[in-house]
Each structure stands twice: as C-alpha cells, then as structure tokens.
Amino acid sequence: MKPITSQQGAEQLAREILDLSRNTLLIRLRFLEPALCQLPFDTDSQITLATDGFCFYYNFIHVLKTYRTSRELLMRDYLHTVFHCIFHHPFIGTLVDSYAWNLACDIAVEAALSELELSELSCSRCMKQQEILTELKEYVPVLTAEKLYRHFHDSGMPPEEMETLRSYFLADEHDMWYQLSSASDESNTSNQNPDKDSDSETQESKEDSDDGSHGEDQKSDSQTKRSDSGFSEEENEADASPSPSPSKDEQEKLWQEIASRIQTDLETLSRQYGEKTGTLLQNIKECTREKTDYHEFLRKFAVLGEEMRINDEEFDYIYYTYGLDLYEDIPLIEPLEYKDVKKIREFVIAIDTSASVKGELVTSFLQKTFEILTQEDVFFNQTELHIIECDTSIQNITVIRKQEQLRNYIYGLEHADSLLHGFGGTDFRPVFAYVKDRQEQGDLRNLQGLLYFTDGDGIYPEMPADYHTAFLFTQKADASVKVPIWAMKVLLDETSIMESV
C-alpha cells in the first residue's frame, strides 16, 4: 500500500477499496446484486462500520487499517453489514432486548457467511465461530436471529456474557438501529398531534402579513439573486425542494422486496449453490413470512348463518320514520329480526400431548384461543367445540356447547397442575378418524375446521380432509417440518401472532 499524503486522498482510497470489495462480491455472488447495489456509501468518523438500512456508513481510517490487515476480513465485514439489511435486522421495535438482539443478529449473519465457503470471506475468527455454532445448534437447530434471540432472552444470560460472546462475531455497530426506531416513534407521535406545527405556521403567516412591504422587498431580492445566478426560478425551486427521503416503513418494505427477489433467485436460477445457502434462505424466509393476526385467522373457520337480532344494515329508516309521521306511531316497515353473521358452529381443537410438546405451551395456546372465542362473540347459540387430547391414541375428549362450559375449562387449566393426558408418541390419524366417524353419525354436519397444536413430528393421514385443517407449531419448532399439501402450516409465537409459511 502506498503512503497516504492527505486526508482527502485517504478517503478516496477507502472508497475505492469498498468499491473493489463490492465488485468482487458481485462477481462471486450474483444473486446478491439487488442488495449490494442498494446501499450507497457514506463516511462517518464516529463509527467503524454501520448501516441503518438506508446507507452503508464507514470510517475511512478503519477501512484502510482493516484492508491492510486482511482484505478478506474487510470484504466479510462489508457483506456482514449488508446481510443485516437483507434479514431486516435494523427494523426493530423499541422494546427489544438490545444485548440479546445484537448477539442473535451477528451470529445469524456470520453463520450464513461461513456456510457460503468463499475463500474471499475467510478470516481468523471463523475457527472460534464454528465451535460456538456447533454448540448452539443443539439448542437452536435453525440459526435465525428470531430463534436465537428467544434462546438468549429466555436463558437469562447476563449482558456482560452476551457482549463477550458477541466479540467472536462482531463486525459492525448497531446503535443506528435503535436511533431509527426512536425517531420513527417520535415521527408517528408528531403526526398524530399536528396542532403545534399548525400553530407555528399560523404565527409565521401572521408575522408576514403584518409587514407586507418587507415581504415584497425580500421577494424582490430573491428574484434578483435568481437572475444573477443564471438559473430559472423553476430550476432553483426544484433544487431547494429535494424529494422526501423514504420512511422507515417504506425502506423496510423495499428490503422485503429485495429479500424476496434473492430468495426467488436462489430457488431457481442460482440453485447450484445448494446447501451453501441453507442458513441464508432460512433467515430470508423468516423475515419475508406473511404475518396474520390470530383473531383473523380463527375467523377463517366461521360459517354463514342466521341469528335472531335486529339487522341495522338492511333497515330503512326513511320508510320507518315516514310511517310514524303519516299514521301517528304506525311504521310502514319494521326492522328485520334476523341477521346473516359468520360465526363458528362446529370446531375441533386437537392437542398433541406427546413427550416432545410441553404442557405449559399447550396450556398457553388453549388459554389464548379460548380467550378470543369468548371475547369476540364468535359462537352461535348452538355450537359444538370438540377438544381432543391425543398422542399415539386419543386420551381424552371434551365437548363444549356453551360459553360457560368453555370458561370452566379455562379455569381448570389455570388452577390445576395439569389437565392434559398422554405424553407418549405422536400419531395424527386417530383424531381424523374420530372426526370422520362423528361426521358419518351426523354429529358434525357443519364442521369447518380443525386446529392441531403439535411439534410436527408424527404420522400424518394419507387422505385429505373435507374441512379446513391447520397444524400449529411454536416458533421453536423446526421450520423445515412439512405437512400434507391439503393442510395449512402455521407458526405461533408467544404474542399470539400467526405466521403463514
């Protein structure tokens, strides 16, 4: 490396090194082109390397020192930062545990980088990382940031230990992520309370109107300056009013589109990478998975039926009030006494009580599901809810026909040590056989759906069911578990958000 004679020259050299690193990665990893070309470079003397999802910020001195030590290390650190954006790591909420999230994100990214097995990305820290990753996979089989975060957050590891562990995976700084989240929240607050801004604008308008002559002088001066500059008024106004920068939500949506393009490329044109992109694909699927509210998900199992209640939507107030005025308290039309509504009439919830499914997880799932069923008024007057506990065979069946019975069942879950039976192996077929038998006997004539809470490791029926079926998994379950093509696969997290796979 030639000696640097000035700061300007050093900055220019650092920029050329980053351009070289990006071009090298574009040649070796063509499927990453949408991401590598998305982040413009910008200098920042207060950091080493960082990104907020909008730009790639670097300290030119850090870039030069790292490149002098190892060009592979700089290239790996650069791609490390880009992977954060692909995996949506900077776009987080303000309530996240920053120590656990920083560690989880760095581990997920470094695991994906190591799996690529590129000589251009090899560095001294890789050896120690492999030892840690091998140990982590015993607890977290799929190394995504979300699953790693839950593991570290639930383990109760002190922040000091997290920082020590993170030092083996550290490549950039994450402070901008949390500043971005805080700024977004403040922006939303100001948008909800615009009175202050409007008052300020009103005051400025008043001051301008109080001195009209002064305003004319300023306008004349500004016009003179425009003429002297040689540019038209329209051109200057365009320069003075740059297009607004995208918001956090808009930028997150952009990166979601980029991640989807990379996923499509890896699954089609770039399939030759094979197992080298397994962790990369798992992280992309995690951040691009479509999210659905659990309340709305349960409504998919509702059926249309009539219920005795006044239908305000089809009631004509004009004829009603006209009759009252014309015939003195005798309406021309009465409101309808029935209404078409979508509610659950017959429903089956199956609980996998095998040894691999923890009782506390099942209890939490049932409590949340029943809470929605009782609060959202989704029951008809005549409803049957079958709760089946099953491992290799059916262990217990509870039929609920009234909301009071449902409340008693919830109360029993909350105040008993365990109401669940079984905890053996897993076979899904007995539940479907039971449902089919009840249908043939005429007990389940309007069955619309079955929810099966499980870990996915069991024997599935070969024939498809004639009703909606969903297998529910916790986020700790292996996302690679496959269900029959006629069933829905759903991931359930602890905040009751259903994530369609």
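Of note:
- The order of the peptides 20-31, 63-74 by mean Cβ neighbours within 10 Å, most packed first, is 63-74, 20-31.
- Two-site FRET efficiency, ASP97 against LYS482, from Cβ-Cβ distance with R₀ of 25 Å, rounded to 0.05: 0.20
- Estimated FRET transfer efficiency when R0 is 60 angstrom, pair ARG271-ASN396 (beta carbons, to 0.05): 0.80
- Modelled spin labels at ASN408 and MET463, positioned 7 Å past Cα toward Cβ, are 3.6 nm from each other.
- Whole-percent pair-distance distribution, where bins are 10 Å wide, for the alpha carbons of the stretch 34-121: 16, 46, 35, 4
- Counting charges near GLU120 (Lys, Arg +1; Asp, Glu -1) among other residues having Cβ under 11 Å from its Cβ returns a value of +1.
- When the alpha carbon gyration tensor of the stretch 94-162 is reduced to an equivalent ellipsoid, the three semi-axes, largest first, read 22, 12, 11 Å.
- Per-pair calculated FRET efficiency, R0 = 41 Å: THR264 and GLN367 via Cβ, rounded to 0.05: 0.55
- A simple count of charges around LEU32, restricted to other residues whose Cβ falls under 11 Å of its Cβ and scoring Lys, Arg +1 and Asp, Glu -1, yields +2.
- Note on GLN8 and SER167: their simple-model spin labels are 4.1 nm apart, each label 7 Å out from Cα toward Cβ.
- Across the cross-link table entries LYS137/LYS489; LYS128/LYS482; LYS147/LYS402; LYS65/LYS285; LYS147/LYS436, which are compared at the Cα atoms, the separations over 29 Å belong to LYS128/LYS482; LYS147/LYS402; LYS65/LYS285; LYS147/LYS436.
- Subtracting the Cα-Cα distance of GLU296 and GLN448 from 0.36 nm times their residue separation leaves 53.2 nm of extension gain.
- Among 439-449, 43-53, the peptide with the highest mean count of other Cβ atoms within 10 Å heads the list, and the full ranking is 43-53, 439-449.
- Figure note: ARG407, ARG271, ARG289 ranked by solvent-accessible area, largest first, 1.4 Å probe, ligands and nucleic acids not counted: ARG271, ARG407, ARG289.
- Tensor-based shape of the stretch 29-72 (alpha-carbon gyration tensor, a/c under 1.5 rounded, otherwise prolate or oblate): oblate
- If the segment from CYS55 to ASP154 were pulled out straight at 0.36 nm per residue, it would be longer than the present Cα-Cα gap by 32.4 nm.
The values are calculated or read from the model by the stated rules, or taken from the named source; none is laboratory data. What you see is a predicted model, and the numbers here were worked out from it, not measured in a lab. Please note: Cβ atoms are built from the backbone with ideal geometry, for glycine as well, and neighbour counts cover all protein chains shown. Note: areas computed on protein heavy atoms with side chains; ligands, DNA, RNA excluded. Shrake-Rupley method; radii C 1.70, N 1.55, O 1.52, S 1.80 Å.
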